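Read the structure below first, then the notes.
Read-outs: derived from the displayed coordinates by stated rules, not from any lab. Bear in mind that the values here come from a model prediction, so they are computed numbers and not experimental data. Reconstructed Cβ throughout: ideal geometry from the backbone, glycine too, with neighbour counts over all protein chains shown.
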Amino acid sequence: MESTRSRLSVGRALTLWVLYAVVFAVAGGIGAGVPSLLVEAATGAEYDPTLYAIMFGVTGYIAYRLARHVTGW
């Protein structure tokens, strides 16, 4: 069965890659950075870098998937 999606041009693929990378980085940074600042402000203890990395990845991935949904690709 043939796919109903058309092939992406190189320019469109590059544009989407940049868009998704920026969305991932910004959303991941905010999603992990804000809780990190709040925990440090509330407890005075440093935030665990492993937890920060997990939160960054998960929040960024969610934003990436939403961006794909919004753009239709």
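Observations on the model:
- Calculated [θ] (222 nm, deg cm²/dmol) that DSSP helices of n ≥ 4 give over the chain, each run adding -39,500 (n - 2.57): -28000 deg cm²/dmol
- Degrees between helix 49-71 axis and first principal axis of the chain (Cα, 0 to 90, nearest 10): 30 degrees
- Positive dipole terminus of the chain, leading residue within A32, A63, G44 (C-beta point charges): A63
- Sorted on the mean count of surrounding Cβ atoms within 10 Å across their residues, most packed first, peptides 20-31, 36-47, 61-72 read 20-31, 61-72, 36-47.
- 0 to 90° range, to nearest 10: angle between helix 10-43 axis and the chain longest Cα axis: 10 degrees
- Comparing mean-square fluctuations of G33, G11, G60 from a GNM of the chain with C-alpha springs under 10 Å, the top value falls on G11.
- From the C-alpha gyration tensor of the range 19-71, square roots of 5λ in Å: 25, 9, 7
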